[in-house]
Amino acid sequence: MSAIRSATALFVLMLFPVLSSASPCKPQLEGAFWAEKDFRIVGVDAAYSMCPTWFSGVRVGASYFADERFEYKGVTSSVRLQVGETLSPFAGLGMLVGMNSHEVDAAADGLDNNRNGQIDESGEKSLKAEFSAVLYPEIGIAWYTRVIGITLSARRYYSSTFSGNIIYSIGFSTPLK
């Protein structure tokens, strides 16, 4: 029943001339929420996108996401093949490059990591940061209007700290004037 309501709402919105007939090839500012199906990995990104040709798209932005042990911060970029203007399915390849950080045991490192005046106390933790790179193929569909774009997609993340995780997203964009 909710699928019928969603399809009806989409159809009604497409009938409004002020909303329809937009091109995805206009430069866009995008924001997206990312999550694995069981929410063990969640994140957000903000990106700028454009289309060098009618069948391709390029995105560049900043990403932040976290799982049970790590936090990731970095820049993300992807290239996409796409078709259509108002309703645009796409497939692409992207990369996230940045830093990951996580807590490590610091009970024997000779430092006062928690700044309480005691060195190497039991249970003391330290934040360790390392270079991180994540490669991801992606597929999805975007619906563009004159005032907003909505994107649903899935990515499969591959990195040295985790591999094969499928990440789903919902994103919103607005064309730049």
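Per-residue answers, yes or no, for (1) more than 24 Å from residue 69 (Cβ to Cβ); (2) of a type in the set (Lys, Arg); (3) modelled with pLDDT of 90 or more; (4) touching a Lys or Arg at 6+ places or on another chain (Cβ under 7 Å):
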{"position": "92", "(1), (2), (3), (4)": "yes, no, yes, yes"}
{"position": "95", "(1), (2), (3), (4)": "no, no, yes, no"}
{"position": "103", "(1), (2), (3), (4)": "no, no, no, yes"}
{"position": "122", "(1), (2), (3), (4)": "no, no, no, no"}
{"position": "125", "(1), (2), (3), (4)": "no, yes, no, no"}
{"position": "135", "(1), (2), (3), (4)": "no, no, yes, no"}
{"position": "156", "(1), (2), (3), (4)": "no, yes, yes, no"}
{"position": "162", "(1), (2), (3), (4)": "no, no, no, no"}
{"position": "172", "(1), (2), (3), (4)": "yes, no, yes, no"}
message: Can you report the number of residues in segment 76-89 which are surrounded by 20 or more Cβ atoms within 10 Å (Cβ to Cβ) and touching a residue at least 60 places away in the same chain (Cβ under 8 Å)?
response: 3
query: Can you tell me which residue in segment 133-160 is surrounded by the fewest Cβ atoms within 10 Å (Cβ to Cβ), limited to those that are closer than 13 Å to residue 172 by Cα and hydrophobic (A, V, I, L, M, F, W, C)?
result: 147
Qualifying residues in segment 17-61 (those that are part of a loop (DSSP other than H, G, I, E, B) and hydroxyl-bearing (Ser, Thr, Tyr)) - the one modelled with the highest pLDDT: 23
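The values are calculated or read from the model by the stated rules, or taken from the named source; none is laboratory data. Every value quoted in this text rests on a predicted model; they were computed, and no experiment measured them. Virtual Cβ from ideal backbone geometry, glycine too; neighbours counted across all protein chains shown.
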